[in-house]
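The values are calculated or read from the model by the stated rules, or taken from the named source; none is laboratory data. Bear in mind the structure is a predicted one, so any value in this text is a computation, not a measurement. No Cβ is skipped: glycine too gets one built from the backbone with ideal geometry, and neighbour counts run over all protein chains shown.
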Amino acid sequence: MSQLPAILVILLGGGALAVQAPLNGALGRTLGSALPAAAVSFAVGFIALLVLSFASVGNPFARLGAVPLWQWAGGFLGAYYVWSVAWGVPMLGVVTAMAALVLGQMAGALLLDAVGAFGVPVQPISLTRVLAVVLVAAGVVLSRL
């Protein structure tokens, strides 16, 4: 099966993140702080996901009690991401903020892939994968020149 549809969906997700970042930054300026802006962003997203979940699955939360505690951490990490971008974009601009975000994602992903964390297939660290991370790091530096 082709990986192209997954790549396109994720590319659109990346574009959505790029748009979300300055929107949340503007919301933070309007509200006077990035923290309530992140809360509002999450509330809107929560409502949208709740409606879509019930519309597509029926009762998607019937097994919620069986979820291991460690799997709840994704929500905290998502909250940190939304706050960090709402806080950082007004100071760094969208390009630098997104480049730094991608760098953090790639560095973390390189390590997670290498150990097969959380059930993902192991992908060994290779020179080309390290070079990809280094090139993104160069992009962060170039975005500030």
Out of A99, A37, sole residue that is surrounded by 15 or more Cβ atoms within 10 Å (Cβ to Cβ) and within 13 Å of the chain's Cα centre (by Cα):
A99
Here are the criteria: (1) closer than 25 Å to V130 by Cβ; (2) surrounded by 11 or more Cβ atoms within 10 Å (Cβ to Cβ); (3) small (G, A, S); (4) outside the structural domain of S126 (by TED's automatic domain parsing). Tell me which single one A26 does not satisfy.
(1)
For the stretch 94-116, which positions are touching a helix residue (DSSP H, G or I) at 6+ places or on another chain (Cβ under 8 Å) and among the small types (G, A, S)?
A97, A99, A100, A107
One residue is enough: does the stretch 57-76 have a residue meeting the conditions assigned to a helix (DSSP H, G or I), within 24 Å of V133 (Cβ to Cβ) and among the aliphatic types (A, V, I, L, M)?
yes
Quick one: which of P68, P60 is surrounded by 14 or more Cβ atoms within 10 Å (Cβ to Cβ) and assigned by TED's automatic domain parsing to the domain that holds S33?
P60
